[in-house]
Amino acid sequence: MLVESLAAGVLLAAGAAAMPISNPIDIVKAGPNAGVVITKCTSPGMLALAYDDGPYQYTSQLVDVLDKGGAKATFFWTGTLYGCIYKEAKAVQKAFASGHQVASHTWTHGHMGSMSADKIKQEMTKVETALVNLVGVKPTYMRPPYLETGGQFLPTMKTLGYKVITDDIDSGDWDNKTPAQSQQKFTAAGASGNGHIPLMHEVYPGTVNTLTPWLINWAKQNNLKLVTVAECVGDPTGMYQPGNFTAATGPYSC
């Protein structure tokens, strides 16, 4: 009996060791944590072209430039900054269909650090609703307006499950820097080390028509892979919230 009991114990232990983990995500979590500021890629050899403040009149043109260059990019969109997001529905759908990452830049582009948690949630959920209505997804990535992350902002992003992106190279296009001056910033930063996540804006024709083609060429010359932000931080399948979401009945308005 003692021998049989010992044998049974060994078999039980072996069976337990062979059993799959019921929830592997509790052991190994893929991708970055929510509510933590991320400034650059987690691995070398990448460049994550990332654009703020759209969608706008240049969005469709920018998608053409990116697609022609074989580049994937990330669009951090607002709801109302440069007009209502629904008025650029075709451009939004074109970017998404081309395989670019669509993400949030909040609804109004306000100062998140001075808002209450409830107000911040409204800013995020309105963008989610618009993107569900237009392309059927809710993002899990965002970039805060003005790169401000104080107050209730980061705790709220953690609660909502958002990965917070800022930058490690500021193109300065928002500060009237010319494409040539922006190019100097990339050249100075170099292509070594972990990949860059730049701050750029799709609302400036110089960024769309001059800086972006230069960056695509610069990346190729330096053997950099042009990827989405999610891929550059090791989260290529985590761009959007899981689940199927139903669009509201149009017409839509802001």
What ranking, highest mean first, results for peptides 190-202, 112-124 when packing means the other Cβ atoms within 10 Å averaged over each residue? 190-202, 112-124
Packing-wise, with mean Cβ within 10 Å as the measure, how do 227-237, 146-156 rank, highest first? 227-237, 146-156
Under 5 Å, built H, 5+ apart or other chain: amide partners of residue 169: 197, 199
Report relative contact order for region 158-254 in percent, whole number only (criteria: Cα-Cα under 8 Å, sequence separation at least 6). 23 percent
Can you find, among 181, 153, 139, the residue farthest towards the positive end of the dipole of region 136-182? Put +1 on the C-beta of Lys and Arg, -1 on that of Asp and Glu. 139
Prolate/oblate/rounded label for region 39-130 (Cα gyration tensor, a/c 1.5): oblate
Counting DSSP beta bridges with both partners in the chain, what percentage is antiparallel, nearest 5? 10 percent
Might you report the magnitude of the Cβ-based charge dipole of the chain about its Cα centre, with Lys and Arg at +1 and Asp and Glu at -1, to the nearest 20 debye? 240 debye
Rounded, prolate or oblate: which fits region 205-254, taking a ≥ b ≥ c as square roots of the Cα gyration tensor eigenvalues, rounded meaning a/c under 1.5, else prolate when a/b beats b/c? oblate
Given [x] 0.99; [y] 1.11; [z] 1.04, which label gives Rg/Rh (Cα atoms, Kirkwood Rh) as computed from the coordinates? [y]
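Only the coordinates and a few stated rules stand behind these numbers; no lab work does. Note that the structure is predicted; figures quoted are calculated from it, not measured. Positions of Cβ are generated from backbone atoms using ideal geometry, with glycine treated the same way; all protein chains shown enter the neighbour counts.
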